[in-house]
1. Using the Cα atoms of segment C:21-131, I'd like the radius of gyration and the largest Cα-Cα distance, Dmax, both in angstrom.
2. Which angle from 0 to 90°, rounded to the nearest 10, does the C-alpha axis of helix C:66-93 make with the longest principal axis of chain C?
3. Between segment B:29-72 and segment A:83-130, what's the alpha-carbon centroid distance in Å?
4. Based on the Cα coordinates of the protein assembly as shown, what is the per residue volume of their convex hull in Å³?
5. Report, to the nearest 10°, how far helix A:167-178 tilts away from the longest principal axis of the Cα atoms in chain A, using its own Cα long axis and a range of 0 to 90°.
6. If pairing requires two Cys Cβ atoms under 4.7 Å apart, which cysteines of chain A are left without a partner?
7. For the residue pair residue A:58 and residue C:22, what label-to-label distance in nm results when each label sits 7 Å from Cα along the Cα-to-beta-carbon direction?
8. Using Cα centres only, tell me the gap between segment B:84-116 and segment A:155-231 in whole Å.
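The values are calculated or read from the model by the stated rules, or taken from the named source; none is laboratory data. Owing to the predicted nature of the structure, the values given are computational and were not obtained by experimental measurement. Ideal geometry is used to build each Cβ from the backbone, glycine not excepted, and the neighbour counts take in all protein chains shown. We work out accessible area using only protein heavy atoms, side chains counted, and drop any ligands, DNA or RNA first. Shrake-Rupley method; radii C 1.70, N 1.55, O 1.52, S 1.80 Å.
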Amino acid sequence: MTERDIEFKVFRYKQGGAAPAHQTFTVRCDENTTVLVALQDIRRDQDGTLILRHSCHHASCGTCGMRINGREELACVVKVFELGTPTVVVEPMRNMPVISDLVVDMEPFYDRFNAAGMPFIRESEYLEEAEVAEGLETYMRCENCIECNLCVSACPIMGTDPTYIGPAALAATWRVVEEPRGLDSRPLLDWVDSQNGCWRCHVAYECNEACPSGVLPGDKIMSLRRELTKRKFRRLFGR
Amino acid sequence: MDNIQPTTDPVRPKAPLRSWFDVRGRSLSTLAFALNRLTAIGLTIYLFLHLAVLSLLLRGPEGWDQFVALAKNPAFLLLDVVLLFGVVYHMANGIRVALVGMGVAHTRQKSLFYVLVGIALVAFVVGAVLIFVE
Amino acid sequence: MQSSMSRRSLEEMATRRDRSGSLWLVQAFSGLLLVLILGAHMIAHHFIVEGGLRDYQQVLDYVANPFVFIIEIVFVITATAHALLGARAIVLDLRPSAATMRVVNWVLVAVGAVAIGYGLWLAVALQRAAGA
């Protein structure tokens, strides 16, 4: 197994402390070392004050979102060697306040996301052939969104306007409109039919590129706009 | 939307210009957006300059024909080429943004970009050659 | 299935709707119309004319055609509306306060009215000159 020393240039900041700066660490990595593992190594062996957030290590919890070499990624599934750079720059996600080092305050994210009221689970489309087990009506699965905030970090409009609803909450809104499951979606459509809602998107589609979970928030925003465009034309022609 | 928690970060203040135009490491669609915005600003300024220049027509043949002679200067023609690029790009990407933004063909927005901007680039090259040849 | 999250009051959410969607649609449709008119404008004025620009007499002959006159007027209105709605979208991205945005809206309406008024006046003056 090949091993190599890789430099990590890590964003450092503590609330109430000095201005943000990058600190460089060197970590011995092999083919299987992920950025998250390297950061944990730094925390364990070199600087216990480095703060990061993680949980599952397999891209299903959405906790370890950060910017790696300027791209939004889940650190747990990015292999250091595959980045192909001698230095790996690691920074916290953009467009949410930094709490400490690589950890951002997710409150503004959940404030938006929860407003959509999207149920966590949906009927599974993957087991159509399977016989449903006794006691179950149907097989269910989790919604695609893992609430990682990567789409919000990547969005250029979130980077200019602190009150934009943003791609994650807009995508969640579309899921409710697409499949209301007993929820009233009309007030939600009104909510996003606003200057801080889906009309604010400028079709840069960075959210689609950043999403690790197949949500494709950009496509969902455009679906909302199609629905609202139809609604506006129906109103215009009195139907 | 004053009831929503702002995403303000005192440590990293929002920087609109960097957010719109710093396309390093970003996708093709962000480049498309940045160019669209840049050409939009240029074309808006040009529209008002163009309207102002047209007032020369009110001064009769002397005023206008003098301007026409000036506009055939090579430096002016070079500006025309820049303008032509702005117009054809903004048109082509604008068609994509208008369609995609209304939820039409939005799942094929990248293909739409390649086709429309490809046509625009061909039109630009033909137009640029014509500007200098004619 | 009930939502597992707490939504805001639905009445409160419904009050957030504004005219931004309609303005965006005006911008989109004016843009699509401009593709046709501006394309025709550029070809007619710059690519089929020998030398790339009409001289004074050629301009007068051109605007004397009532069809051209109407197209040029539609062009001025559409281009101005499209440009100023675009400018508004950019200003909005700079997150101005509500009071600033009100002023910006009025300024843009004023600039648009002056530009369109001037364009109409110019077109009429040229048509009169062509008829004289």
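1. Over segment C:21-131's Cα set, Rg and Dmax evaluate to 16.7, 51 Å.
2. So the inclination is approximately 30 degrees.
3. First find each Cα centre; the distance between them is then 46 Å.
4. On the way: hull volume 105.8 nm³, N = 505.
Cα-based convex hull of the protein assembly as shown, divided per residue, equals 209 Å³.
5. Its long axis makes an angle of about 30 degrees.
6. Lone cysteines by the Cβ rule: A:29, A:64, A:76, A:142, A:145, A:148, A:155, A:198, A:201, A:211.
7. 5.3 nm
8. Between the Cα centre of segment B:84-116 and that of segment A:155-231, the gap is 20 Å.
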